[in-house]
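Participant: Before I ask anything, let me first share the structure, which is written out below as structure tokens.
The values are calculated or read from the model by the stated rules, or taken from the named source; none is laboratory data. Keep in mind it's a predicted model, so treat the numbers as computed, not measured. Here the Cβ is made from the backbone with ideal geometry for all residues, glycine too, and neighbour counts use every protein chain on show. Side chains included, ligands, DNA and RNA excluded: accessible areas come from the protein's heavy atoms. Shrake-Rupley method; radii C 1.70, N 1.55, O 1.52, S 1.80 Å.
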Amino acid sequence: MDWLYATCIFWIVAAIFFGGIYDAETGSPGRQALGLVLNLAVFLGIFSVLRLALGGLGGESAFMNLVWGLAVPAAVPTMLLGRIGNVVFKLVGVTMTRKVFSADAH
């Protein structure tokens, strides 16, 4: 059931990163969709590995088990999503550029 938590976080953060901060310059819609699905796979892979590695650090405390078994493994790939996204999208042939916002935009 914990993978559901990570999947929900991915879609929220991916919407912010890839819908607002980054812009796809090249690549067909199919390649962009493939890149997004591969980003999800990498995100869940990092989450699963960290969850296995850090899951036992909580000891007897339910709160610490929540922190080390769920929050930290979800936070690390969330912070790396922009970098992971650039690499994964390049692998499928999509060029991502960071949007530049100016004061005149509003």
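Participant: Let me check something: with ligands and nucleic acids excluded, how do ARG98, ARG83, ARG31, ARG51 order by accessible area (1.4 Å probe), largest to smallest?
Facilitator: Working: ARG98 150, ARG83 180, ARG31 120, ARG51 80 Å².
Correct descending sequence by accessible area is ARG83, ARG98, ARG31, ARG51.
Participant: What ranking, highest mean first, results for peptides 6-18, 65-77 when packing means the other Cβ atoms within 10 Å averaged over each residue? Please report the intermediate quantities before stating the final value.
Facilitator: On the way: 6-18: 15.6, 65-77: 17.4.
In descending order of packing, they fall as 65-77, 6-18.
Participant: HN-Hα J couplings of segment 71-79 from phi, Karplus 6.51/-1.76/1.60, θ = phi - 60°, integer Hz, Gly and Pro as x?
Facilitator: 5, 5, x, 7, 6, 5, x, 5, 5
Participant: Probe radius 1.4 Å, ligands and nucleic acids left out: which of LEU81, LEU44, LEU4 has the largest accessible area, and how do the rest follow? Present the calculation step by step, with values, prior to reporting the outcome.
Facilitator: On the way: LEU81 0, LEU44 45, LEU4 75 Å².
Largest to smallest exposure gives the sequence LEU4, LEU44, LEU81.
Participant: Taking only protein heavy atoms into account and a 1.4 Å probe, give the accessible area per residue of the chain in Å². Walk me through the numbers before you get to the answer.
Facilitator: Values: 6650 Å² over 106 residues.
Per-residue accessible area for the chain comes out at 63 Å².
Participant: Right, another one. Expressed as an acute angle from 0 to 90° and rounded to the nearest 10, what is the orientation of the C-alpha long axis of helix 81-91 relative to the principal long axis of the chain?
Facilitator: Taking the Cα atoms of the chain, the angle to 81-91 is about 60 degrees.
Participant: Hey, another quick one. Given a 1.4 Å probe and heavy atoms of the protein chains only, how would you sort THR78, THR95, largest accessible area at the top? List each step's numbers first, then the result.
Facilitator: Numbers: THR78 30, THR95 65 Å².
So the residues, ranked largest to smallest area, are THR95, THR78.
Participant: If you line up the long axis of helix 29-54 against the longest principal axis of the chain, both from Cα atoms, how many degrees apart are they, to the nearest 10?
Facilitator: For helix 29-54, the angle is close to 20 degrees.
Participant: Okay, moving on. Measure of size requested: the Rg and Dmax of the chain, with Cα atoms as the atom set and Å as the unit; please supply both.
Facilitator: 16.1, 54
Participant: On C-alpha positions alone, give me the angle between the axis of helix 2-16 and the longest principal axis of the chain, in degrees, nearest 10.
Facilitator: Tilt relative to the chain: about 30 degrees.
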